[in-house]
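We did not get these values from a lab; they are worked out from the coordinates using the rules stated. Owing to the predicted nature of the structure, the values given are computational and were not obtained by experimental measurement.
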Amino acid sequence: MPNNRRLAAVIRRLAPPILAVMALVIAWEALARLDTSRARIIPAPTEVIDALIRTRQSLLTAHIPTTLAEALIGLGIAFLLGVLLAALLDFSVPLKRAVYPLLVISQTIPIVAIAPVLILLFGFGAEPKIAVVVLFCFFPVTVAMIDGLTSADPDLVALLRAMAASRWQIWRKVRLPSSLPSMFSGLRIAAAYSIGGAVIGEFITAQYGLGQYLRSAYNTGQVDQGFAAIVITAALSVGLVLLIGLIERLALPWYFSLARQGQWEEPGIY
């Protein structure tokens, strides 16, 4: 019975987005085929698939592995830095008040504007692309972790204080566990940004990667290959987000229990 409930829940969750994507692809194909003018710019999905098949060798052996490696390394560094900084700010309120506005201001700076500076600092290898990914992913992880640490149940904190628990014990037993769902939410957002961040870094300068593939396709007028790069970027981003979601479910089984999900699915005041 529990397995049937889980299967039904998975079907209810996956069916709407799958149907929406199928409807979008069908409409895209129909509109592209109806436009028979020579000035048509946007390729049909079948043309994009054909471009993927034609260039699959270079995509699978050079471009996709390069972009994926840069995105994963940058995401890992951003995750570690974000968690450490959030924990540090949580232990020091004055430091949090001083640094938090700087974090917000840092997101107002266009990454493309500082990408040349990163190239001058790190050279033309993978380092500047990884740095771009870190800049994209650092903020959502840090902010989500900070918000999660401040969302701990005050009654539990008061209880541990009454039991003479140290500040470290309260942080480890109450504040940190309560922040994990928020932390994974920020990590999912960062994962969605990571592939795009690597592509932007490669678009500026790179020998391999989806960004270089995209730039080369547009420079040579092969728009179908450009759209192929966009499709692959979206697919990798979705796959990475789903992977983070799977890790979250394995790491936080108590958060995704059937009883808890059943409470949210019950009819409410709305």
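Okay, here's what the table says:
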item: Per-residue [θ]222 nm for the chain (sum of -39500 (n - 2.57) over DSSP H runs n ≥ 4, rounded to 500); result: -26000 deg cm²/dmol
item: Whole-Å semi-axes of the ellipsoid equivalent to the range 62-264 (Cα gyration tensor, √5λ, descending); result: 38, 21, 12
item: Alpha-carbon centroid distance for the pair the range 39-115 / the range 178-198, whole angstrom; result: 10
item: The chain - percent relative contact order, Cα under 8 Å, separation 6 or more; result: 22
item: Reduced Cα scattering model of the range 96-201, Debye log10 I(q)/I(0), q = 0.19, 0.24 Å⁻¹; result: -0.94, -1.20
item: Helical segments meeting 27 Å axial Cα length and Kyte-Doolittle 1.6 threshold in the chain (DSSP H); result: 64-91, 127-149, 223-251
